[in-house]
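Here is the structure we will look at.
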Amino acid sequence: MHLAALHTPSQIQLNQDGNLKHFLTIEGLSKETLTKILDTAQSFFNDQNQLITNNLLEGRTVMNLFFENSTRTRTTFEAAAKRLSANVLNIDIARSSTSKGETLRDTLWNLEAMATDIFVVRHSSSGAPHFIAKDVCPNVAIINAGDGRHAHPTQAMLDMLTIRRETKKNFEDISIAIIGDIKHSRVARSDVAALQTLGCKDIRVIAPNTLLPYGFAEYGEDVRLFNNMEDGIKDCDVIITLRIQNERIDSPALSSQAEFYKMYGLNKERLALAKPDCIVMHPGPMNRGVEIDSSIADDGTQSVILHQVTNGIAVRMAVLALAMQGQLQEKGLLEAIAG
């Protein structure tokens with residue numbers, strides 16, 4: 001897929017006053033908007049770094065519409081909505097009326113008629129949340145929980161929050177390596193977009209050429225390609241390893257798990273080439289012994305993989321709250337949290 005495909009114009013995601021209306025992709029959003037999401041997410045931690053619970057979305061209804069399997073993303077969205085006191089409904093699409101021949105439009109319109117405020121949508125087709133927001137249910141806030149190979153914006157923002165909280169450095173001052181299947185990864189696409197928007201100048205992509213997307217050069221000069229793992233992670237502040245999708249194994253793109261681990265697996269010897277305080281991240285689920293060695297994944301001194309899960313709840317709380325910010329501002333609630 002071409003990198004420029006499916007970029008969402010900012011006016012679709014934002015209200016006339018510039019506030020978040022939908023959250024479909026990182027592209028088109030400003031540094032100020034992304035920083036507002038991060039600041040709001042941070043406000044949902046107390047002084048002991050524990051997540052808080054409040055009633056910001058009391059009386060609101062959030063529907064999780066997952067057309068594609070997920071555990072971590074769906075449950076963290078559910079946890080986020082419940083911490084904001086929203087009503088949460090998980091719709092089993094496989095058993096919905098679409099299996100009886102009802103069109104997707106009719107299904108969504110019926111769900112919208114149930115006084116739904118937010119749809120959290122995960123779909124295997126790139127652009128599906130954009131289509132729903134623009135052409136089907138524009139009056140419902142649409143949050144993209146991952147669409148095809150296109151985007152995973154809340155994963156990118158939880159990664160940005162994790163980097164900010166764990167490194168305590170400005171994005172302009174850090175070096176970040178992203179390793180693995182860039183071509184098929186919506187996480188990689190969204191992470192790079194978020195890092196560039198937030199000002200990171202040293203983004204390193206480490207992958208074989210067979211796992212690079214068409215049009216890679218369009219990422220810009222601040223994204224450098226490394227085919228050699230050791231060269232790519234040298235003196236990095238952050239390493240993000242990506243999941244290798246099993247369907248790529250034994251294909252022209254990837255010969256075997258063992259071969260990938262030999263060339264691009266993160267082990268102790270390779271991690272030692274990064275900065276001593278380098279943090280290690282993974283969006284999950286992990287293939288241990290393929291992308292990352294268990295000794296690193298389970299090492300609490302540099303691995304922040306479980307912190308990403310907690311930060312994911314905070315980021316999804318922030319996005320849900322900001323999507324309703326017009327109504328919340330009328331009640332004077334959002335400023336009290338994010339201010």
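The values are calculated or read from the model by the stated rules, or taken from the named source; none is laboratory data. From a predicted model like this one, the values you see are computed outputs, not experimental measurements. Virtual Cβ from ideal backbone geometry, glycine too; neighbours counted across all protein chains shown. Only protein heavy atoms, including side chains, enter the accessible area calculation; ligands, DNA and RNA are left aside. Shrake-Rupley method; radii C 1.70, N 1.55, O 1.52, S 1.80 Å.
What list of ³J(HN,Hα) values in whole Hz, one per residue of the stretch 274-285 in order, does the Karplus curve 6.51 cos²θ - 1.76 cosθ + 1.60 (θ = phi - 60°) give from phi, with Gly and Pro shown as x?
Calculated HN-Hα couplings, in order: 7, 5, x, 9, 4, 9, 10, 10, 7, x, x, x Hz.
Using the Karplus curve 6.51 cos²θ - 1.76 cosθ + 1.60 with θ = phi - 60°, work out ³J(HN,Hα) for each residue of the stretch 191-206 in order, rounded to whole Hz, and write x for Gly and Pro.
Per-residue couplings from phi come out as 4, 4, 4, 5, 4, 5, 5, 7, x, 5, 10, 10, 10, 10, 9, 10 Hz.
Can you list the residues, at least 5 places off or on another chain, whose amide H is less than 5 Å from the amide H of ASN64, using H built in the peptide plane?
The list, which skips near neighbours in sequence, is LEU89, ASN90, ILE91, VAL120.
Straight-line reach from LYS168: which lysines have Cα under 27 Å away, leaving out those fewer than 8 places along the same chain?
Output for LYS168: LYS31, LYS36, LYS201, LYS234, LYS268, LYS275.
Where does each of 21-27, 185-191 land if you order them by average Cβ count within 10 Å, highest first?
21-27, 185-191
Relative to the compact-globule scaling 2.2 N^0.38 Å, provide the ratio for the alpha-carbon radius of gyration of the stretch 92-238.
1.27
For ILE178, enumerate residues with amide H under 5 Å from its amide H, sequence gap 5+ or separate chain, H modeled in the peptide plane.
ARG204, VAL205, ILE206, ILE240
Could you check what % of the DSSP bridge pairs in the chain are antiparallel, to the nearest 5?
10
Gaussian network model of the chain, Cα springs within a sub-10 Å range: biggest mean-square fluctuation belongs to which of GLY289, GLY232, GLY220?
Evaluated over the chain, the most mobile residue of the options is GLY220.
Compare the peptides 311-317, 103-109 by average per-residue count of other Cβ atoms within 10 angstrom and give them in order, highest first.
On the way: 311-317: 27.1, 103-109: 14.7.
Those peptides, ordered most packed to least, come out 311-317, 103-109.
So, for the chain, what is the accessible surface per residue at a probe of 1.4 Å, expressed in square angstrom?
Result: 42 Å² per residue.
How large a share of the accessible area of the chain, in percent, is made up of carbon and sulfur atoms when the probe is 1.4 Å and the other protein chains stay in place?
Heavy-atom surface of the chain belonging to carbon and sulfur, 1.4 Å probe: 48 percent.
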